[in-house]
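Report on the structure given below.
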Amino acid sequence: MKTTKKIKVCSIFGTRPEAIKMAPLVLEMKNYDQIESMVCVTAQHREMLDQVLDAFGITPDYDLDIMEKSQTLSKITSKAMLGLEEVFAKDRPDIVLVHGDTTTTFAGALAAFYAKIDVGHVEAGLRTGDIYSPFPEEMNRLLVSKIAAMHFAPTVKNAQNLENEGIVKGIHITGNTVIDSIKYTAKDDYSFECEELNHIDYTKKTILMTAHRRENYGQPFDNICQAAAEIAKNNPDVQIIYPVHLSPYVREMAGKYLSDIENVHLIEPVGVFDMHNLIKRSYLVLTDSGGLQEEAPSLGKPVLVMRQETERPEAIAAGTARLLGVDKQNIIDVTEMLLHNEEEYTKMAKAVNPYGDGNASKRIIEAIIARYEE
Ligand code: UD1
Ligand code: UDP
């Protein structure tokens, strides 16, 4: 009897946001007989990655366990590459999938290239045009685009960015897998895993805040924290919930500026089910995160972006996101305007979803099958 060889697909990720957006793809691959799926995590993040793996019930085939406290970019890159070289030597896939723009993404793509294994880039084509912002992510994704054979672009704009760089082959517009992820997590009736979140009074206007980006380290981070402190003090009827990233720098800053304010809840990073349902309970989102710029609009919440630029202009064009920059007074002014001006708030609080229909994973898998069955 003729047996058809399966296409061996190795998904590589290492941080929380990559895991959130690769998990639905890994789960979806189980439904395809043509695919043999393997998962290799670098564990560039440890606890924050494990939270996502547990939530989606994913057990990696390989775990490089590379995280160190306050790790440098070079160390992450070199440890990930050495570990991946060994994995590929004993368990060689037909194609490696990497996601987005982290150091794991770049190291994964380069290690695969050295082993002459094809690379598929999930969430390809996002650009700001400034190699130092976001740092180092803009360069990571530029370099991965040079290496990849398949480019899974979430939006038409992302595909155009690739074409503008002379990439003509292997582009597939798929939507963003973050919407696939939200289909698993967001519920109408939800009780939080994090007990603290069940005891918060959501009749108060709630600002969900996150901040962690490397390009904001230094003065911008002072500004962000000082702005949050002032918003909380000026508006005692409003509360801020800030799940604080495990980066030692971020924890020091959040603790320094925000720990003694009654209506600021500094909490540990929460699981992805809690996070998506917390967005649903919030009035607005104040963030420098990439993923939250996609999730908040999809869940009908205004998102104020504390960065100088964004690679996600779709939500801004749709009117649910605004780019604030990192000036303290501007962050305060725009946030307070939205807290008090109902007309402006209503204009922004609409569920728009420029990021797809929740079937991105299926499209990615079907494109892979079409390529390798040929
Ligand atoms: C990384 C990504 C960034 C992404 C972010 C998501 C790069 C260059 N940057 O940045 O694009 O937005 O992840 O969160 O890849 N830590 C822990 N436990 C954890 C996770 C982190 O203790 O579970 C601490 C460690 O001390 C670590 C530090 O956080 O050294 C920073 O982590 P790192 O992966 O270097 O960078 P991020 O700032 O998280
Ligand atoms: N997130 C989470 N728990 C938290 C904070 C964030 O699950 O305590 C999720 C968030 O919903 C989004 C992703 O993590 O899906 C974004 O990760 P992060 O902000 O760390 O990285 P970025 O998107 O900026 O790369």
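The values are calculated or read from the model by the stated rules, or taken from the named source; none is laboratory data. Please read these numbers as outputs of a predicted model, since none were measured by experiment. Neighbour counts are summed over all protein chains in view; Cβ atoms, including those assigned to glycine, are modelled from backbone coordinates with ideal geometry. Accessible surface areas use protein heavy atoms only, side chains included; no ligands, DNA or RNA. Shrake-Rupley method; radii C 1.70, N 1.55, O 1.52, S 1.80 Å.
Please state which of the following conditions Leu82 fails to meet, knowing it meets all the rest: (1) in a loop (DSSP other than H, G, I, E, B); (2) more than 16 Å from ligand 2 (Cβ to nearest atom); (3) open to solvent by 70 Å² or more (accessible area, probe 1.4 Å). Evaluating Leu82 over (1) in a loop (DSSP other than H, G, I, E, B); (2) more than 16 Å from ligand 2 (Cβ to nearest atom); (3) open to solvent by 70 Å² or more (accessible area, probe 1.4 Å) leaves (1) as the failure. Criterion first (within 15 Å of ligand 2 (Cβ to nearest atom) and of a type in the set (Ser, Thr, Tyr)) does Thr155 satisfy it? So Thr155 fails the test.
Entry remark, the stretch 15-48: residues being within 12 Å of ligand 2 (Cβ to nearest atom) and either in a loop (DSSP other than H, G, I, E, B) or open to solvent by 40 Å² or more (accessible area, probe 1.4 Å) (or both) number 6 in total. Is it the case, given these coordinates, that His212 is within 15 Å of ligand 2 (Cβ to nearest atom), part of a loop (DSSP other than H, G, I, E, B) and at pLDDT 95 or above? Yes, satisfied. Among the criteria (1) part of a loop (DSSP other than H, G, I, E, B); (2) more than 15 Å from ligand 1 (Cβ to nearest atom); (3) at negative phi; (4) not acidic (Asp, Glu), the one Gly125 does not fulfil is (3). Filtering Gly100, Gly108, Gly125, Gly166 for residues that are surrounded by fewer than 20 Cβ atoms within 10 Å (Cβ to Cβ), at pLDDT 95 or above and not basic (Lys, Arg) leaves a single hit, Gly166. Residue count for the stretch 249-271 under the criterion of being closer than 20 Å to Lys204 by Cβ and either open to solvent by less than 50 Å² (accessible area, probe 1.4 Å) or in contact (Cβ under 8 Å) with a residue 40 or more places away in the chain (or both): the result is 7.
Among the conditions (1) over 23 Å from the mean Cα position of the chain (by Cα); (2) more than 16 Å from ligand 2 (Cβ to nearest atom); (3) of a type outside the set (A, V, I, L, M, F, W, C); (4) in a helix (DSSP H, G or I), Asp189 misses just one, which is (4). For residues that are away from ligand 1 (no atom under 16 Å from the Cβ) and part of a loop (DSSP other than H, G, I, E, B), scanning just the stretch 1-14, find the one that is least open to solvent (accessible area, probe 1.4 Å). The extreme case among them is Lys6. Residues that are more than 30 Å from Lys30 (Cβ to Cβ) and outside any helix (DSSP H, G or I) were ranked within the stretch 58-77; the one that is most open to solvent (accessible area, probe 1.4 Å) is Lys69. Of all residues in the stretch 294-306, one or more are open to solvent by 10 Å² or more (accessible area, probe 1.4 Å) and closer than 25 Å to Gln226 by Cα. Against the numbered list (1) more than 27 Å from Gly175 (Cβ to Cβ); (2) touching a Phe, Trp or Tyr at 6+ places or on another chain (Cβ under 8 Å), Ser298 comes up short only at (1).
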